[in-house]
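Student: Questions regarding the structure given below will be posed in turn.
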Amino acid sequence: MNDIPKRKKRFTRAGKLRPVLEKLPGAAVNYVLISVLTLASFYLSLLSTSQPVHSYQRAPISNAISILEAEGFAREVVLLRYVATFRTSDSWLNSFVPDENAYAATNFPFEVITLYPDFFNKATDDRERAAILLHEAQHLLGKTEKQAYEYVWKNRKALGWTQMAYGTTESYVTIELQTREFCPDLFVCTQNLWNDCTQAKKGTLHLADKSGS
């Protein structure tokens, strides 16, 4: 009984769209339909050729997103929580692309994030996983590798992923090296510690350093 009003509402919406579609040239309608079907088929092929997230892997992902939420990355949280689809193995498309990141990869604009074993095993805790997801969220927005690395590196203190706390972990060291490769312009401040433009100047003891910037 409760389904009847909903169905009527759906038919009403379809009725409103019909005059608009009728005004479009037949070729344009066909083009739109073909484009939508092609994109949908492509998206489904990415999912059908990759493995979903297992139940025991959901907690680390959810915890990492919650950390991003607590630290104020609201835009990224919305995308990761409600838009992205997570997978744990490469789709047919990823298999043709050399691995440039051992932790994760994102297919834009299909918003599919592949999480590799290192995301679960080498990242020392959920905060490091949050840093990885923060990077991938930039790709969900259409950002380049350079932009993604730069964003995470500039915001690592806000995330609590600092050198004092994580500077010796494999994930931190790896991501710093990758950041230096993709964003050399962030490491040209010779007056700063490690030439890092996001660090304090040499010979100074900044309050941020005490908290692990």
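Student: Considering only the range 73-116, how many residues are among the polar types (S, T, N, Q) and closer than 23 Å to residue 156 by Cα? Don't jump to the end; show me each part of the working.
Tutor: Within the range 73-116, the subset among the polar types (S, T, N, Q) is 85, 88-89, 91, 94-95, 101, 106-107, 114.
Next, only the ones that are closer than 23 Å to residue 156 by Cα stay: 101, 106, 114.
Total meeting the criteria: 3.
Student: Follow-up. For a quick check of your reading of the model, give me the residue pairs whose first member lies in the range 24-41 and is over 26 Å from residue 107 (Cα atoms), whose second is modelled with pLDDT of 70 or more and β-branched (Val, Ile, Thr), with beta-carbon atoms closer than 9 Å and at least 6 apart or on different chains.
Tutor: 24/32
Student: Applying the selection to the range 130-165, what residues are of a type in the set (A, V, I, L, M) and surrounded by fewer than 19 Cβ atoms within 10 Å (Cβ to Cβ)?
Tutor: Keep residues of the range 130-165 that are of a type in the set (A, V, I, L, M), which gives 130-134, 137, 140-141, 148, 152, 158-159, 164-165.
Answer for the range 130-165, where residues must be of a type in the set (A, V, I, L, M) and surrounded by fewer than 19 Cβ atoms within 10 Å (Cβ to Cβ): 141, 158, 164, 165.
Student: Restricting attention to the range 168-213, and to residues there that are within 23 Å of residue 126 (Cα to Cα) and either surrounded by fewer than 12 Cβ atoms within 10 Å (Cβ to Cβ) or basic (Lys, Arg) (or both), which single residue is modelled with the lowest pLDDT?
Tutor: Within the range 168-213, the subset within 23 Å of residue 126 (Cα to Cα) is 168-179, 208-213.
Narrowing further to those that are either surrounded by fewer than 12 Cβ atoms within 10 Å (Cβ to Cβ) or basic (Lys, Arg) (or both): 168, 177, 210.
Working: 168: 97, 177: 96, 210: 47.
If we take residues in the range 168-213 being within 23 Å of residue 126 (Cα to Cα) and either surrounded by fewer than 12 Cβ atoms within 10 Å (Cβ to Cβ) or basic (Lys, Arg) (or both), then 210 is modelled with the lowest pLDDT.
Student: Same structure again: Scan the range 77-90 and report the pairs whose first residue is free of Cβ contacts under 8 Å to residues at least 12 places away in the same chain and whose second residue is in a loop (DSSP other than H, G, I, E, B) and surrounded by fewer than 16 Cβ atoms within 10 Å (Cβ to Cβ), with Cβ atoms within less than 8 Å and a gap of 6+ or a chain change.
Tutor: Correct list of pairs: empty, since none qualify.
Student: Within the range 46-65, can you find the residues that are surrounded by 12 or more Cβ atoms within 10 Å (Cβ to Cβ), touching a residue at least 12 places away in the same chain (Cβ under 8 Å) and within 16 Å of residue 120 (Cα to Cα)?
Tutor: To start, the set of residues in the range 46-65 that are surrounded by 12 or more Cβ atoms within 10 Å (Cβ to Cβ) comprises 46-47, 49-53, 57, 60-65.
Remaining after also requiring touching a residue at least 12 places away in the same chain (Cβ under 8 Å): 46-47, 49-53, 57, 60-61, 63-65.
Within the range 46-65, 51, 52, 53, 57, 60, 61, 63, 64, 65 qualify.
Student: Can I ask one more? Go through the residues of the range 190-201 one by one and say whether even a single one is in the same structural domain as residue 104 (by TED's automatic domain parsing), among the charged types (D, E, K, R) and closer than 27 Å to residue 58 by Cα.
Tutor: So in the range 190-201, the residues in the same structural domain as residue 104 (by TED's automatic domain parsing) come out as 190-201.
Next, from what is left, pick out any that are among the charged types (D, E, K, R): 196, 201.
Still in the list and also closer than 27 Å to residue 58 by Cα: none.
Checked against the condition, which is being in the same structural domain as residue 104 (by TED's automatic domain parsing), among the charged types (D, E, K, R) and closer than 27 Å to residue 58 by Cα, the range 190-201 yields no hits at all.
Student: Ok, one more. Can you list the helices (runs of 4 or more DSSP H) found entirely within the range 67-154 that contain at least 1 residues being touching a His at 6+ places or on another chain (Cβ under 9 Å) and in the same structural domain as residue 177 (by TED's automatic domain parsing)?
Tutor: Working: elements: 74-78, 117-121, 126-140, 145-154.
In the range 67-154, 145-154 are the helices (runs of 4 or more DSSP H) which contain 1 or more residues that are touching a His at 6+ places or on another chain (Cβ under 9 Å) and in the same structural domain as residue 177 (by TED's automatic domain parsing).
Student: Identify all residues within the range 121-154 that are acidic (Asp, Glu), more than 18 Å from residue 77 (Cα to Cα) and within 12 Å of the chain's Cα centre (by Cα); write none if there are none.
Tutor: Correct list: 145 only.
Student: From the list 31, 43, exactly one residue is of a type outside the set (D, E, K, R), surrounded by 12 or more Cβ atoms within 10 Å (Cβ to Cβ), modelled with pLDDT under 75 and out of contact with any helix residue (DSSP H, G or I) (no Cβ under 9 Å at 6 or more places or on another chain). Which is it? Give the derivation first.
Tutor: On the way: 43 fails: modelled with pLDDT under 75.
Being of a type outside the set (D, E, K, R), surrounded by 12 or more Cβ atoms within 10 Å (Cβ to Cβ), modelled with pLDDT under 75 and out of contact with any helix residue (DSSP H, G or I) (no Cβ under 9 Å at 6 or more places or on another chain) holds for just one of 31, 43, which is 31.
The values are calculated or read from the model by the stated rules, or taken from the named source; none is laboratory data. As the structure is a prediction and not an experimental result, all values here were calculated from the model. Glycine gets a Cβ as well: all are built from the backbone with ideal geometry, and neighbour counts include every protein chain shown.
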